[in-house]
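The values are calculated or read from the model by the stated rules, or taken from the named source; none is laboratory data. This is a predicted model, so every value here is computed, not measured. Cβ: placed from backbone, ideal geometry, glycine included. Neighbour counts: every protein chain shown. Protein only, heavy atoms only, side chains kept; ligands, DNA and RNA dropped before computing areas. Shrake-Rupley method; radii C 1.70, N 1.55, O 1.52, S 1.80 Å.
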Amino acid sequence: MVKLFELLTKKSAIKILLWFMENSSNEFYEHEVRNKTKISRGSSIKWLRQLAEDGFLIRRSKGRLILYRLNSENPLVKELKSLCLNVELIEEE
């Protein structure tokens with residue numbers, strides 16, 4: 001399990017997590033996430049798996065394909081969403 005601090009120091013992991021927070025009501029294939037976040041295939045696969053393993057994302061198979069979505073029930077995800085919202089409000093002032 002990746003420690004939260006380590007996760008928050010990895011640019012690719014942050015990009016993926018923030019992108020899922022902005023698109024929290026949908027499921028996405030790995031290649032969709034990779035294209036939208038503009039990160040490499042290796043990084044996207046690594047961090048999607050790790051984020052799912054750590055409970056930030058929910059992973060499910062659909063045939064041979066794997067879909068990911070934000071785990072909105074995770075308390076850390078709720079806190080991170082709240083923190084991001086607070087940062088946005090501060091930036092708007």
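Miscellaneous remarks
- Helices (runs of 4 or more DSSP H) wholly inside the chain containing at least 3 residues that are among the hydrophobic types (A, V, I, L, M, F, W, C) and modelled with pLDDT of 90 or more: 11-22, 41-53
- Qualifying positions in segment 41-82 - open to solvent by 30 Å² or more (accessible area, probe 1.4 Å), touching a residue at least 24 places away in the same chain (Cβ under 8 Å) and either in contact with a Pro (Cβ under 7 Å, 6 or more places away or on another chain) or of a type in the set (Gly, Ala, Ser) (or both): SER43, SER72
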